[in-house]
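A.B. asks: One structure is given below, represented as structure tokens, and several questions about it will come after.
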Ligand code: S3P
């Protein structure tokens, strides 16, 4: 796709979103708790911006040749975090993409530093009921299996929200249709890029 074609694509304009002249030159990194919508919104964002979408958890599983649950079970969380750090570093070194990270990735200072240096981070902030509802659809998140999911998520919110808040962009991802949240993310990314360029 040429730059002018992308300009036409991105600048649909009818929904009132600010003009996004070209696909971002930086990787856009989706951050937030399990169930915040990082994959679902990230995928849509990538399609709208004409960037590839990559899910860091999928990449970790591919690199390890086993599931996240398996990695946690057999090797432990610390080992998973090492792999997560390495995989995200590799992805950030490559061409721009939309990257959905696992909920714990942004808690790692080294990863945060890399993201700040090379990417644009977007925290999808969701309330506890939204997170609970969405995470209950899947049963493969090791952290949510060690007790009551509501208590675990509330604890993680307390620990992680102050750090997620360091993201470049914060967008609420409550009980709205995905297209609406996507529009807010697109607007915020466009505004961020405009501010960065001026
Ligand atoms: C984790 C979140 C998961 C996955 C792993 C640990 C976390 O990813 O990386 O189970 O620490 O919050 P999602 O946020 O995509 O569910």
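A.B. asks: Would you please give the FRET efficiency between residue 62 and residue 198, computed as 1/(1 + (r/R0)^6) with r the Cβ-Cβ distance and R0 = 41 Å, to the nearest 0.05?
C.D. replies: Numbers: r = 39 Å, r/R0 = 0.96.
Rounded to the nearest 0.05, the efficiency is 0.55.
A.B. asks: Could you tell me how many degrees, from 0 to 90 and to the nearest 10, lie between the Cα long axis of helix 149-164 and the main elongation axis, the longest principal axis, of the Cα atoms of the chain?
C.D. replies: Computed tilt is about 50 degrees.
A.B. asks: Order by neighbour count: 136, 40, fewest other Cβ atoms within 10 Å first, most last.
C.D. replies: Details: 136 11, 40 17.
Final ranking by Cβ density, sparse to dense: 136, 40.
A.B. asks: Working from Cα positions, state the angle (0 to 90°, nearest 10) between the long axis of helix 109-118 and the longest principal axis of the chain.
C.D. replies: 10
A.B. asks: May I ask you to work out the translational diffusion coefficient for the stretch 40-102 at 4 °C, viscosity 1.567 mPa s, via Stokes-Einstein with Rh from the Kirkwood sum over Cα pairs, reported in whole µm²/s?
C.D. replies: Answer, rounded: 106 µm²/s.
A.B. asks: If you fit an axis through the alpha-carbon atoms of helix 77-93 and take the longest principal axis of the Cα set of the chain, what angle between them do you get, 0 to 90°, nearest 10?
C.D. replies: Relative to the chain, helix 77-93 is tipped by roughly 20 degrees.
A.B. asks: First measure r as the distance between the Cβ atoms of residue 70 and residue 39, then evaluate 1/(1 + (r/R0)^6) with R0 = 25 Å and state the FRET efficiency to the nearest 0.05.
C.D. replies: 0.80
A.B. asks: So how do 169, 28, 120 line up by other beta-carbon neighbours within 10 Å, fewest first?
C.D. replies: Fewest-to-most Cβ neighbours within 10 Å comes out as 169, 120, 28.
A.B. asks: Another question about this same structure. May I ask you to order 139-145, 81-87 by the average number of other C-beta atoms within 10 Å around their residues, highest value first? List each step's numbers first, then the result.
C.D. replies: Values: 139-145: 14.9, 81-87: 17.6.
Highest-to-lowest ranking by the protection proxy: 81-87, 139-145.
A.B. asks: Tell me, what is the FRET efficiency for residue 133 and residue 166 to the nearest 0.05, using R0 = 30 angstrom and their Cβ-Cβ distance as r?
C.D. replies: Efficiency, from the Cβ-Cβ distance: 0.70.
A.B. asks: Put one equal scatterer on each alpha carbon of the chain, apply the Debye formula with no solvent term, and list log10 I(q)/I(0) at q = 0.10 1/Å to two decimals.
C.D. replies: -0.41
A.B. asks: Continuing with this model, one more query. State the Cα centre-to-centre distance between the stretch 133-182 and the stretch 51-93 in whole Å.
C.D. replies: Going from one Cα centre to the other spans 19 Å.
Values quoted throughout were computed directly from the atomic coordinates according to the rules given, and no laboratory measurement underlies them. Fair warning: this is a prediction, and the values are worked out from it, not measured in the lab. All Cβ positions, even for glycine, are placed from backbone atoms using ideal geometry, and neighbour counts span all protein chains on display.
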